[in-house]
Every structure is written in structure tokens, then in C-alpha cells.
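Structure first, then comments.
The values are calculated or read from the model by the stated rules, or taken from the named source; none is laboratory data. If you're wondering where the values come from, they're calculated on a predicted model, not measured in any experiment. We place every Cβ from the backbone using ideal geometry, glycine too, and count neighbours over all the protein chains shown. In case anyone asks, the SASA skips ligands and DNA or RNA and just uses the protein heavy atoms, side chains included. Shrake-Rupley method; radii C 1.70, N 1.55, O 1.52, S 1.80 Å.
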Amino acid sequence: MLTELVKATALMLTLCFLHGTHIRLWHQRPAAGLVTSGLLFGGIGVIGMLSPVVVMPGVIFDVRSVVLGMAGLFGGPIVAGIAAVMAAATRLWIGGAGTGVGIAVIAIASAMGLAYRQAHARGHLDIRLLPLLVFGLLLHVAALGAAQFLPADMAQQMNHSLALPLLLLAIPSTALVGMLLRDVQDRMATERALQESASRLCAITHAIPDVLLVLDARGYYIEVLSPSEAALVAPAAQLIGKRLHDVLPAREAERFMALIQTTLRSGQTESMEYRMRTLSGPRHFEGRVQPLGARVQGVATVLFLARDITERLQAENALRESELRLRSLLRDIPSISVQGYLADGTTTYWNKASEQLYGYAEQEALGRNLLDLIIPAEMREPVRQDIAAMFTTGKPIPPGELRLRRKDGTLVDVFSSHTRIDVPGQPPEMFCIDIDISGRKAAEEEARYLAFYDALTRLPNRRLLVDRLQQVMAGSARTGLNAAVLFVDLDNFKTLNDSRGHEVGDLLLVEVASRLRACVREQDTVARLGGDEFVLVLQNLSSERAEAAAQVRTLGELILAQLHQTYHLAGQEHHFTASIGATLLSHQGSVDEVLKQADLAMYRSKDAGRNTLRFFDPDMQDAVNQRALLEIELHDGLQQNQFLLLYQPQVDGNGRVTGAEVLLRWKHPQKGLVSPALFIPLAEDTGLILPLGYWVLETALRQQARWRADPRLAHLTLSINVSARQFHQENFVAQVLDLLGNTGADPAHIKLELTESLLLQGVDSVIATMRDLQAYGLGFSLDDFGTGYSSLSYLKRLPLDQIKIDQGFVRDVMLDPKDAAIAHTIIALANMLGLGVIAEGVETPEHHRFLLEHGCRAFQGYLFGRPETLEDFEQRVLTGGTAA
């Protein structure tokens, strides 16, 4: 029996060892650990039943009650349930008379273990020796009680021979196993607590962004903890076990050793700042050292906490540099005045720009009151109230423009902004930032002035003139007194500008402005419209228009006399005259109408020979209005095809028709045929002569092309008038050649008639154009010969084919010997130069006979035919070919 007892004891000790190992293996997976723990307790119980201490027929005595009771106590319901099922299954497999009692013992042991566990969880029982002995007693008394249900002889034999040994062996075995399992559980709980504490400490240590070192009194690295090895002088693994002198320069190592020794002697925390070359480069640290209170291998140790303060130092340095720059900027910035004041107005700051702006040196300003320094008397009370409100509420004074006082008493315009500065431990201050805007104010005033005044002469400009003229007209209507406007234009001012330059021209304009101002009263206005044009507005003249006109004439003559006096300009004497147009104001007219009237009168003065005064009259305005209306109708006529061509025959000496001159006519829908003398000059002035001339040229060329296709008319030559403006176009040659190509006209039967006015500008370019067109077969005739100024000088140079004698000479050849002489001379000159000559304006047989006798062989005039329609002209040619 002793052998079985030893086996049972070894089996239970094995259970304690395996349970401890099992807990370590499965502490990370508690659910799976419960299952395996149940299998462990059940397996030990099964092994106990297979190796019983005492065996009777059908009855076994083993350690199952102790194992299952401990399974319930230390494992809980799942462990106890798995173990009980395994034990019950094994007991049923073994069988025998005691099978029922054995299963009952299994159930009792498991239930009592669970009951003990519940009582312990509620704090009623503790797992100690005495409670375990009582538990073992109760458990096995219950097991003996269950045994009483065995057959009587078996129960009597067990009571007699086994009851007492069972109690004596099972009770201490239960207590022993319980104490061993509790010790295993306590040790595992302690290990878990230590692991959790170590994990928390490690997490906390790694969460600290600082380097944590444990160093002993000899300078050896015991422990190295750092969130990044970049902050260390070497990898942590290489530092542990080495001395400071092994990894640091001697001077730095000695400094650290001195700090460690001081800390160990004082027992207090010591600190220092140092710079060290780490794996990430040079860094700045703040080190804190305190005794650790533990010895390693008998040597005192310290805890060294190193915080990287590189960024902080850099930020502090940057802040200091920024502050230094800001102070230097505020002190030395040349155009921004910065001042500081306390709540009572005492000056605390005064930069150099303030010295320049207000005239006070820094030492003069500091300590003085703002109100006494720069605030004008009338502003002191509002400023005092604004400052008080700002320091009370903290709201800054709104920025704005102020006029403050300098040291010398003069005022200066500034744009002033204010801010309140609160520094802990110091009284609040108000800082004022003032910018001198005197220049801008002056520029604005100048801009406002120039908006209404002429920059050169300082006279009112057109805008101010209109405003004053409106006031004068309103005042004149109210008082009944007359007012007048004089339009003054200098004669030949362009000549001075071209010969001596604009600078001298400006000197003249300034002098003229001065003389005009001197001629009028203070209440009158002298204005400059631009260029050399001036306008005078005279008010409060006589209420009688005749007398008012006489007053205007008197002043106008004075002005003419003053402006005619000698001018001394840039070292030279000059004499100038002016043309003046005058108009008396009408109460019904507008400002623009008044100025137009004066302008028209001025042009009438120009036409009258200049250096004179002319008044506006309604007839002049009517002519202008008629001209404006005619210009509009001319535009409409061109768009609506109201123009037509007439053909005036040209004949040879025998009266045979050789061609025609095309003449432009305007068939107005209301006015009928409009004289070319009216609309041609207007077309020249407005530029409409270009589209008109193009239409004439194209229409005539198309007509010549049709004649070219008819043998009866192919010999006819067309003469086409070309205006100077049309001829001077850059693309005139290309334009004519394109028309020739498009129409199919014969250039040999086309003659372009040019006037002498064409020669007044760019004669060389005129000759070049004529030669270009002449190369394609076109001919040229010089119209109105003898009426210009330069015909003879250019006659030999021009590539002409024909000269046309002006009708003004032809008309009086029979009456005026001079006209006869001129006509004769022109014919002789043309014959000597090899040019053809044609006389226009031939109206009588006497004219015809005279011209024939003097050598003229081509004629045009009413004697041979008036300008007529194309149909009439063609009929004339086809029926006779001659004109009478």
C-alpha cells in the first residue's frame, strides 16, 4: 500500500508541475487554456483510476476525489466539467460493483470544488492550509458516505479496513495539493503582474521622447533606452558595458563624471546643458541626473535623462534674431514712424523715422506726454478719450489720416495705426505707426488741380471752362446782363513749333496766357482748350446787346494789340498775331453750341486775313448746318447708288469725236442733280472721295471694255479725273492694275486727268506712280494747266501725254489779250515739249477758230457737246462721229 501511496503523491506533484507549465503556455489564449486545463486534470484523474491504491472486487480507491476537487477549485466550471466527464467515462469503462458509487464520488468532488471556488470568490473562504484541511475532511467524509451505498459486505469491509487510512491520507494530500496549486497560481499571478508592470514601464519609457541612461558611479552604461538611436553617440547595443571615456572625448567624459559624482554626493537631481555629436549630427541636450537608489554589482547608479533641445535652442535663437531684426527695422526704417506710449500718454519708444517726421530727438521725446509732443491743441481731448478707451476695452483706435504737429509747429499729414501690446509683468503699451502721406496729399491736390487746370499755363481747362460757362449763362439769364465768349487762336503757331521746338512753343503759350489774364477782369475766365487755342468768358456786360458787342470789340482789339507785341523766347525775338472769334451768349443755347459759334467766328477771322476779330452770325451757322446735312446725305447717296457718270465729248480739229471725259454727278432724290462744286470738296474733306473715286474708275473702265468689244466704238478714249487724295494712296497702282485686269479695259485708251494740286506734296512719289502706270500703257493729262503755282517747274519732269488748257483762259481769248497770250503760250510750250494739248470750255466758233489758228488740235466744250448720258453719247458717235 505504501508503494501505491507514493505513486499517488508523485502523480499529484506531477499535476502541480504540469498545471504551472500549462498556465505559462496558454496565458495568451485563456479560452483554449481552459479546455487544455480540463484535459490535464481529467487525464491525471484517469491515470489515478488506472493505478488505484487499493483494489477490491469491483471497488477502487484512488486520487480522483482530490484531483477533481482541485479542478473545481482552481479551474472553474469548464475545467471541472471536462475533468469530471473524462473521470466518469473511465470509471464506467472500468466497471464493477462500485461503479455507481465511483461516479457519485466524481460528482461530489467536482461540486464541492466549485462550491469552495464560489465561496472564495465572494470572500467567505481563503485558500490556506486550515480551510484546505477542512475541505479535504468534508470531501472525503462525503466520499465515505457515498461508499455506504455499496453492498453491505463491501461497505462493512471498507469501513473496517479503509475508512481511517483514507481519512488520514486523503485529508493532508488534499491540503498539500491545494497549497502547491495555490503557490503555482500565486507565482503565475506575480509573474503576470511583473510582466505587466515591466510592459507598462517599457511603454512609458519608450513614450518618453528623451534618452534614458542608467550609469554607475564608475561611468559604465548599465541601461540605454531611446526612442531613436539617432540621438545616441553609438547604437545602444554597443554602449552597454562601456565607460563614458570609451565613447566620448575625454573632456566631455570628465564633465559627465563630475556631474554623476555630485549627484551621488548630494542625493539631489542635478542638470546641465551640453552639445554632443550624435549619429544624426551635432545636437544640443539638457541633461538631468538623479540617484537611482539601487546598486548594480555593488556599485551606486544614477538615472540620466537627456532631452534634445536643439529645436528649442534654434527657435530661441531665431526668436532673438527676429527680435533683433525687428528692433533694428523699427529703429532704422526710414519712412515709418513708430512710437510707444503708456496709458497716461508717456512716451516709451521713439524710432529714427519719428525723429525725422516730427523733429524731436529720441532723448527729447522719451518720457514726455504724447499730447504735448505731436497732438494739435484742438485734437487733444478726442485723442485723450480714444487712448483711455483703447486701454480700457482693448479695442484699437481705428486707423486713419491725421494732421499732427511737428516740433517747429508745422503740421504734417500722416496715416496712423495703433495697437496695444501686453507683456506679462509690465504695464500695457500703445504703439503708433505713422506714415508720412504729405507727398501723397500733395499729389492728390495736384491731381485735383490738374483735373480742372492746364498743367502748362495754369489756366482752367475745358472741364472747368464748361462748368464756369454754365454758371455764367445761368447768371446772365437771371440778371439780364449779357455775357460773351472769345475764341483765341494763335496764327502760325505750328511754324514756331517746327522751327524752334516744342520747348520754345511752350514758352510762347505761357506768355500768351499771362497777357490774356492781364487783359481781363478778375471775374472773367481765361481758359486753355489745348494747343494754341484759348477761350475767354466775359460776364456782367451791358444789358444792351449792341453795347455789349462794343465792349467785346474793345477788349478784343486790346487783346490783339497785346498779343502782337514782341515776344522774347529763348534769346530770340518773335512776333505773333492771333485770330479771335466772338459770340454773345444766348439764353437758349447750350455750352457746346456757344463754343462752336465762337470757333466758327474764329475761322471766319482766319479767312479774313488773320490778326482780326470776327463775330458769329446766324448765316455762318446755317452754312455749317447745311454742310453737316450734306455730309450725311453724301454717305447715304454712296450707299444707295445715287451717283452717275455723264460723258462730255472730246473732238479733234475736224470736229470728229475721239473720246470723252467722264464727269461725276449726284442725282439727289429730293434736290435733283447736285453741283459737283458742292459735294466734291466735301467728299475730299471727309475722305468719301476715296470710295467715290474708286466707283468712278471701275465704272469708266468697265464702259471702255464694252467699247473695246465694239469695232464702231473701240477708237474712243476715256479721260478719268483722279483726285490728289486718291492718287496718293499707297496701293493706288495695284488698285488700277486690278481693275484693268478685272474689267478688260484697254489701257491705251485710258487717260487719267491729274490736277496741279497733286504736285504740292511728294512730287517724286507722284512721278514714280505715273511711270509705274505708264509702263502698262495708261496715259496722263494735266488738268487746269496754268492755274497752279508750280506747273512749269515740274512740267519737264512729269511723264505727261497731254496738257489741258483751263477754260478760264479760253473763255476770254477773244476779249482779253492777256488770256489770248497765255493760251497761245501754253499751246506753243506743249508743242515744243512734244505734248498733246486740249482746250476745254470751247463754247463759240470764234474760240474754235482762234485755237486752231494757234496750233491747238483737240477740243472740249459746249460748242461740241454738253455732258450727256452714255446712251446719248454713244448715239452721237454712231450717227455722225462729229459735233457742231
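Below, the figures for the structure above:
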quantity: Cβ-Cβ under 7 Å pairs, at least 6 apart or on other chains, region 446-460 side small (Gly, Ala, Ser), far side part of a helix (DSSP H, G or I) and open to solvent by 60 Å² or more (accessible area, probe 1.4 Å); calculated: 451/463
quantity: Test: residue in region 372-393 that is in contact (Cβ under 8 Å) with a residue 40 or more places away in the chain, of a type outside the set (A, V, I, L, M) and open to solvent by 80 Å² or more (accessible area, probe 1.4 Å); calculated: no
quantity: Residue in region 98-113 that is touching a Pro at 6+ places or on another chain (Cβ under 7 Å) and farther than 15 Å from residue 73 by Cβ present; calculated: no
quantity: One residue from 243, 265 being within 20 Å of residue 297 (Cα to Cα), open to solvent by 50 Å² or more (accessible area, probe 1.4 Å) and in contact with a helix residue (DSSP H, G or I) (Cβ under 9 Å, 6 or more places away or on another chain); calculated: 243
quantity: Positions within region 95-132 being over 21 Å from residue 41 (Cβ atoms), assigned to a helix (DSSP H, G or I) and open to solvent by 60 Å² or more (accessible area, probe 1.4 Å), in sequence order; calculated: 129, 130
quantity: Residue 146 touching a residue at least 40 places away in the same chain (Cβ under 8 Å), over 14 Å from residue 74 (Cβ atoms) and open to solvent by less than 50 Å² (accessible area, probe 1.4 Å); calculated: yes
quantity: Whichever residue in region 394-407 is in contact with a Ser or Thr (Cβ under 6 Å, 6 or more places away or on another chain) and part of a loop (DSSP other than H, G, I, E, B) and, among such residues, is surrounded by the fewest Cβ atoms within 10 Å (Cβ to Cβ); calculated: 399
quantity: Verdict on residue 88 being open to solvent by less than 30 Å² (accessible area, probe 1.4 Å), modelled with pLDDT of 75 or more, under 22 Å from residue 137 (Cα atoms) and part of a helix (DSSP H, G or I); calculated: no
quantity: Tabulated pairs, region 295-317, first more than 19 Å from residue 209 (Cα to Cα), second open to solvent by 40 Å² or more (accessible area, probe 1.4 Å) and charged (D, E, K, R), C-beta under 8 angstrom, 6+ apart or interchain; calculated: 299/218; 301/295
quantity: Single residue of 292, 264 found to be outside any strand (DSSP E or B) and in contact (Cβ under 8 Å) with a residue 24 or more places away in the chain; calculated: 264
quantity: Single residue of 455, 513, 527, 484 found to be open to solvent by 60 Å² or more (accessible area, probe 1.4 Å) and closer than 24 Å to residue 578 by Cα; calculated: 455
quantity: Of residues in region 629-645 being among the aliphatic types (A, V, I, L, M) and open to solvent by 40 Å² or more (accessible area, probe 1.4 Å), the one nearest to residue 676 (Cα to Cα); calculated: 644
quantity: Looking only at region 422-432, and only at residues there that are open to solvent by less than 70 Å² (accessible area, probe 1.4 Å) and modelled with pLDDT of 85 or more, the one that is farthest from residue 375 (Cα to Cα); calculated: 428
quantity: Test for residue 866: is it modelled with pLDDT of 90 or more, open to solvent by 70 Å² or more (accessible area, probe 1.4 Å) and assigned to a loop (DSSP other than H, G, I, E, B); calculated: yes
quantity: Filter pass, residue 844 being at pLDDT 90 or above, surrounded by fewer than 19 Cβ atoms within 10 Å (Cβ to Cβ) and either touching a Pro at 6+ places or on another chain (Cβ under 8 Å) or among the polar types (S, T, N, Q) (or both); calculated: yes
quantity: Number of positions in region 367-425 that are closer than 28 Å to residue 442 by Cβ and not charged (D, E, K, R); calculated: 25
quantity: Odd one out for residue 880 among (1) without any contact (Cβ under 8 Å) to a residue 12 or more places away in the chain; (2) under 30 Å from residue 666 (Cβ atoms); calculated: (2)
quantity: Single residue of 100, 178 found to be in contact (Cβ under 8 Å) with a residue 12 or more places away in the chain and touching a Leu at 6+ places or on another chain (Cβ under 6 Å); calculated: 178
quantity: Criterion: open to solvent by 50 Å² or more (accessible area, probe 1.4 Å), at pLDDT below 90 and over 27 Å from residue 237 (Cβ atoms) - qualifying residue of 279, 319, 292, 313; calculated: 319
quantity: Qualifying positions in region 563-596 - surrounded by fewer than 19 Cβ atoms within 10 Å (Cβ to Cβ), within 20 Å of residue 616 (Cβ to Cβ) and within 53 Å of the chain's Cα centre (by Cα); calculated: 588, 589, 590, 591, 592, 593, 596
quantity: Residue under evaluation residue 197, criteria (1) under 30 Å from residue 29 (Cβ atoms); (2) open to solvent by 60 Å² or more (accessible area, probe 1.4 Å); (3) polar (S, T, N, Q), criterion not met; calculated: (2)
quantity: Check on residue 722, without any contact (Cβ under 8 Å) to a residue 40 or more places away in the chain and either closer than 20 Å to residue 784 by Cβ or open to solvent by 60 Å² or more (accessible area, probe 1.4 Å) (or both); calculated: yes
quantity: Residue ranges of strands (runs of 3 or more DSSP E) in region 549-648 with at least 3 members of a type in the set (A, V, I, L, M) and more than 30 Å from residue 661 (Cα to Cα); calculated: 578-584
quantity: Matching residues in region 295-310 - criterion: being of a type outside the set (Gly, Ala, Ser) and either part of a strand (DSSP E or B) or surrounded by 11 or more Cβ atoms within 10 Å (Cβ to Cβ) (or both); calculated: 295, 296, 299, 301, 302, 303, 304, 305, 307, 308, 309, 310
quantity: Matching residues in region 149-194 - criterion: being among the basic types (Lys, Arg) and either buried (at least 17 other Cβ atoms within 10 Å of the Cβ) or within 20 Å of residue 70 (Cβ to Cβ) (or both); calculated: 182, 187
quantity: Residues that are open to solvent by less than 20 Å² (accessible area, probe 1.4 Å), in a helix (DSSP H, G or I) and among the hydrophobic types (A, V, I, L, M, F, W, C), drawn from region 741-762; calculated: 758, 759
quantity: Whichever residue in region 673-713 is of a type outside the set (A, V, I, L, M, F, W, C), over 19 Å from residue 748 (Cβ atoms) and free of Cβ contacts under 8 Å to residues at least 24 places away in the same chain and, among such residues, is surrounded by the fewest Cβ atoms within 10 Å (Cβ to Cβ); calculated: 675
